[in-house]
Structures are given as structure tokens and as C-alpha cells.
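Student: Input: one structure, supplied below.
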Amino acid sequence: MSTRSAAVAEPSEAATERYAKSAAAHAAAKKVMPGGVNSPVRAYKAVGRDPVSVVSGKGAVVTDIDGNDYVDYVGSYGPLILGHAAAPITAAVSKALQRGTTFGMPTEAETRLAENVVKAVPGVEVVRFVNSGTEAAMSAIRVARGVTGRNKVIKCTGCYHGHTDALLVSAGSGATTLGVPSSPGVPASVVQNTVLVSYNDLEAVRSAMETHRGDVACMAVEPVAGNMGCIPPADGYLQGLRNLCDEFDVPLLFDEVMTGFRVAYGGAQERYGVTPDLTCLGKVVGGGLPCAAYGGREDFMRHVAPDGPIYQAGTLSGNPLAMAAGLAQLETLAADDFAAYEQLETTAAALEAGLRKAAKKAKCPVTLTRVGSMLCVFFTDTDEAPVTNYEQATATRTDRYASFFNAMLDHGVMLAPAAFEAWFVSTAHDDATTKATLKAAEKAFAAAATIQ
Ligand SMILES: *Cc1c(COP(=O)(O)O)cnc(C)c1O
């Protein structure tokens with residue numbers, strides 16, 4: 001984390017008025033929930049203000065409790081690739097709802113969504129649905145360990161695989177460090193089996209595999225990093241990982257919870273042409289309802305209970321409402337020969353170009369990254385300074401990001417309050433939302449540039 005603290009201006013009276021109901025809602029929420037939120041990033045701690053309380057969303061726009069509208073790039077942190085309350089999804093979920101919310105018995109919708117996933121994602125031959133990306137990553141690691149009989153997991157600093165104990169390990173310095181827990185409550189004995197390497201560094205992976213030869217259950221990676229801002233894989237990085245995994249006989253796990261059905265219909269593995277042994281999915285696959293999945297090679301997945309001895313279960317797994325939402329989302333994305341992805345590319349490219357221009361005009365140095373409809377603005381010391389890993393990402397100007405965020409919010413654009421989140425473009429974003437965003441961005445970049 002940057003040591004520079006967030007720049008917090010005294011809010012004007014008009015600004016206070018604008019968010020009055022949100023402030024009251026947050027005060028009530030804080031009394032009964034930690035930080036008043038159910039996931040830490042939703043608190044606006046990093047930007048020094050109270051979070052905005054949302055009442056509804058439609059298309060690319062969310063509306064807060066005070067009646068303010070925002071062009072939304074949070075997209076619920078990834079699932080909403082068709083925008084808010086997309087008609088195919090609300091229709092499918094309403095229909096499913098009438099038939100019952102959960103059964104604890106198989107439904108055909110589960111098979112249909114599983115067939116869609118298997119058909120779409122190159123590395124997935126057999127799949128199991130779960131309720132969150134955290135659960136998917138935890139279970140995929142269990143499969144890797146159960147199948148190989150080994151314990152160590154190599155992961156990249158700055159890659160997020162949910163909050164499961166073994167993967168909740170902070171960045172250590174140096175190329176290959178044994179993990180230290182990044183949260184109280186995570187036993188050191190658990191993360192002793194987690195080996196950290198820097199993202200985009202193949203030599204570090206080779207060295208870790210040599211050091212722990214015969215002990216590595218899997219190499220886990222976000223094929224496009226999306227939880228330290230958006231950081232694309234360097235040319236040849238993913239293929240290099242595949243080659244090293246083959247050389248050392250280590251299963252390769254792609255955590256595509258964010259990138260699956262996002263950077264391409266078949267995920268990053270389709271986009272970059274590198275097939276992992278195990279894959280985690282989430283976010284887009286559930287159409288905005290709680291749903292995720294893990295899957296992979298049949299010879300791995302047949303070890304999962306009841307086909308095999310590796311235990312994993314869930315009362316609400318494969319929930320019929322989530323299956324209906326996921327199916328509607330995937331069918332819409334696949335329609336007209338995957339036209340949605342071309343549209344996402346066009347919209348996101350225009351936004352990227354416009355943001356670059358706006359930053360230049362405001363003399364605010366930035367590094368912009370983008371893969372399809374995921375993008376990120378890093379506030380760097382010089383224009384286009386390289387941001388290729390966690391170490392570089394966390395050295396960027398979070399104080400400038402906080403200022404940018406606050407100005408964007410005040411001008412009707414909703415971004416994530418943390419500097420290290422991707423912006424998500426949906427099919428509901430268009431020329432008009434881009435224009436509104438860029439108008440706000442000109443002012444916001446100018447404000448950010450004044451922070452020394
Ligand atoms: C969001 C995310 C997760 C965690 O998913 P949850 O549903 O929030 O538990 C795991 N891995 C990646 C890559 C993610 O982006």
C-alpha cells in the first residue's frame with residue numbers, strides 16, 4: 001500500500017446535502033454490521049467518506065437513496081456484464097421464482113448451465129457449481145491437493161482468490177517468499193503451504209518449482225490480474241506457466257472468477273489460447289446471483305464426491321434462481337455469434353482512448369491498462385510507467401486516485417473506492433455514458449493532478 005494518505009477535502013454544504021440520506025443510512029448500518037457493510041471494499045474508508053447507499057440500477061446507471069444517478073463502472077465487481085436489471089435476466093429469474101426458490105434436489109437447469117460452461121471454457125470437461133468465488137477457489141485447491149497428494153500452492157502476490165485461509169496471503173518482498181498470513185485468524189501453519197511469486201515473473205515460478213519439487217499441488221493464477229487493478233499477462237507469460245507446469249508435472253489452475261465470460265466468452269484461456277487443468281468461475285457465470293463454479297479435466301473432477309473421495313457440498317449450490325440467471329446471461333452473450341463481445345470491445349476502447357486524452361489534457365500522468373471490458377487507471381509518477389505486478393501497482397499514487405474517485409462521484413460516475421479494482425464496462429454502456437464519463441473525468445483528472 002502507498003504510504004501517502006488519501007486527500008480528503010472538507011465537503012461543501014451542497015455536497016453534504018447531496019449525500020444526506022446515504023450518510024444517515026450508513027450511520028444505522030454501522031451499528032449492526034462491521035463497517036456498516038457486508039464486504040470491506042464497500043466501505044469508503046480508502047477515500048475518506050461515507051459510502052453511497054444504492055436503491056436501484058437500470059442498464060449502466062445506479063441510483064442512490066438521495067436520488068442521484070451515476071454511470072456505474074463497479075458492475076457489482078464483475079457479474080453485471082449486461083448492466084443492471086437486464087431484461088433477459090429479470091424475466092428468467094421471475095419465471096424460475098414462481099416455481100420455487102430451492103429444492104435440494106437436482107434440476108435440469110443445472111445440467112443446462114453446466115453444458116454451456118463445458119462447451120464454452122476449453123479447460124472445463126466436468127464442472128461443479130458453488131455459491132461464491134471463494135468457495136470455488138477453496139474447492140479447486142482441495143481437488144488439486146487431493147489428486148496430487150501434495151500440499152504446496154504457488155500463487156502470485158496481488159492475485160486474489162477469495163478469502164479462504166490458504167490463499168489469503170499478503171505480498172512478501174523478494175521473488176519467492178513463504179507465505180505469511182495477511183489476516184488475524186489465519187494460522188501460520190495453513191499458509192506455510194502457500195508459496196508466493198511475483199506476477200508476470202516466470203523465473204520466480206521456475207525457482208519455486210525447483211525449490212519445492214515434488215511438493216507442489218498446483219500453480220494458481222488470475223490469467224488477467226483483476227484484483228491489483230487490471231494487469232494483463234505479459235506476452236508469453238501464460239504459455240510459459242503452462243510449459244513450466246508441464247515440465248514439473250504441476251497442475252495449472254486459472255482463477256477465472258473475474259475473467260470467465262468477461263475477457264472472452266471462454267475466458268482468458270480462450271483469449272490467450274492457453275488451457276489450464278483446473279478453472280474457477282464466478283461473477284458473470286451467475287448472472288448477478290450468488291453462483292460460482294470450479295471445473296477442469298475429467299480425470300481431476302471425477303475425484304470429487306460422490307464420484308470420488310474429495311468432499312465438497314452446498315445446501316444452495318446450483319440454486320435454481322442462480323441457474324436461471326446464469327443461463328439467461330450466457331445465452332444473451334452467445335447470441336448473434338457473440339456480438340456482445342465486439343460491442344464491449346468498441347465501448348471500452350473508446351472509453352480508454354477518451355480517458356487517456358482527458359488525463360493528458362489535465363497534465364495528470366497515468367498508466368492505462370485494458371483487456372476487453374476490464375480496464376484500470378493507475379496514477380503513476382510519469383505517463384505510461386510500467387505497471388506489470390503487485391509491487392508496481394501498490395507503488396502508484398492512491399492519494400491521487402482518492403481525489404479522482406471523489407470528483408467522479410460528485411459528477412455522477414461510480415467507481416470502486418479502492419485504487420486496485422478494475423472498471424467494468426457492460427453492454428448497457430454506450431456513447432452517451434462514455435461522453436458523460438469523460439466530461440466528469442476531465443475535471444477529476446485536473447483535481448487529482450493538484451495533489452503533490
Ligand atoms: C471476486 C474474485 C474471487 C472471489 O469471489 P467471491 O464470489 O467474492 O467469493 C476469487 N477470485 C477472483 C479472481 C475474483 O475476482
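The values are calculated or read from the model by the stated rules, or taken from the named source; none is laboratory data. Bear in mind the structure is a predicted one, so any value in this text is a computation, not a measurement. Neighbour counts run over all protein chains shown; Cβ positions are idealised from the backbone, glycine included. When the accessible area is computed, the model is the full protein with side chains, heavy atoms only, and any ligands, DNA or RNA have been set aside. Shrake-Rupley method; radii C 1.70, N 1.55, O 1.52, S 1.80 Å.
Student: For residue 268, work out the one condition from (1) part of a helix (DSSP H, G or I); (2) open to solvent by 10 Å² or more (accessible area, probe 1.4 Å); (3) of a type in the set (A, V, I, L, M) it doesn't fulfil.
Tutor: In the conditions (1) part of a helix (DSSP H, G or I); (2) open to solvent by 10 Å² or more (accessible area, probe 1.4 Å); (3) of a type in the set (A, V, I, L, M), residue 268 misses (2) alone.
Student: Can you tell me which residues in the stretch 120-131 are of a type in the set (A, V, I, L, M, F, W, C) and either open to solvent by less than 10 Å² (accessible area, probe 1.4 Å) or within 15 Å of the ligand (Cβ to nearest atom) (or both)?
Tutor: Within the stretch 120-131, 121, 124, 129, 130 qualify.
Student: Report every pair of residues separated by at least 6 positions or lying on different chains whose Cβ atoms are under 9 Å apart, first residue within the stretch 106-133 and closer than 19 Å to residue 303 by Cα and of a type in the set (Gly, Ala, Ser), second assigned to a helix (DSSP H, G or I) and within 16 Å of the ligand (Cβ to nearest atom).
Tutor: Once the first residue is closer than 19 Å to residue 303 by Cα and of a type in the set (Gly, Ala, Ser) and sits in the stretch 106-133, its partners that are assigned to a helix (DSSP H, G or I) and within 16 Å of the ligand (Cβ to nearest atom) give 123/267; 123/269.
Student: How many residues does the stretch 235-268 contain that are within 12 Å of the ligand (Cβ to nearest atom) and within 19 Å of residue 146 (Cα to Cα)?
Tutor: So the count comes out to 3.
Student: Identify all residues within the stretch 28-54 that are open to solvent by 20 Å² or more (accessible area, probe 1.4 Å), within 20 Å of residue 406 (Cα to Cα) and not in a loop (DSSP other than H, G, I, E, B); write none if there are none.
Tutor: Scanning the stretch 28-54 gives 35, 40, 41, 42, 45, 46, 54.
Student: Within the stretch 201-234, how many residues are open to solvent by 10 Å² or more (accessible area, probe 1.4 Å), assigned to a loop (DSSP other than H, G, I, E, B) and either farther than 23 Å from residue 424 by Cα or within 16 Å of the ligand (Cβ to nearest atom) (or both)?
Tutor: So the count comes out to 8.
Student: Sort out for me the helices (runs of 4 or more DSSP H) sitting completely within the stretch 364-452 that have 2 or more residues that are of a type in the set (A, V, I, L, M).
Tutor: Counting at least 2 such residues, we get 398-410, 431-449.
Student: Take the residues of the stretch 241-253 that are within 23 Å of the chain's Cα centre (by Cα) and not aliphatic (A, V, I, L, M): which is least open to solvent (accessible area, probe 1.4 Å)? Spell out how you get there, then give the answer.
Tutor: Step one: filter the stretch 241-253 for residues within 23 Å of the chain's Cα centre (by Cα), giving 241-242, 251-253.
Applying the additional criterion that residues be not aliphatic (A, V, I, L, M) yields 242, 251.
Values: 242: 32, 251: 9 Å².
Ranking the candidates gives 251 first.
Student: Please find, within the stretch 132-159, the residue that is farthest from residue 237 (Cα to Cα) out of those that are surrounded by fewer than 21 Cβ atoms within 10 Å (Cβ to Cβ) and within 12 Å of the ligand (Cβ to nearest atom).
Tutor: Among those that are surrounded by fewer than 21 Cβ atoms within 10 Å (Cβ to Cβ) and within 12 Å of the ligand (Cβ to nearest atom), it is 132.
Student: Name the residues in the stretch 55-67 that are buried (at least 21 other Cβ atoms within 10 Å of the Cβ) and not in a strand (DSSP E or B), would you?
Tutor: Answer for the stretch 55-67, where residues must be buried (at least 21 other Cβ atoms within 10 Å of the Cβ) and not in a strand (DSSP E or B): just 60.
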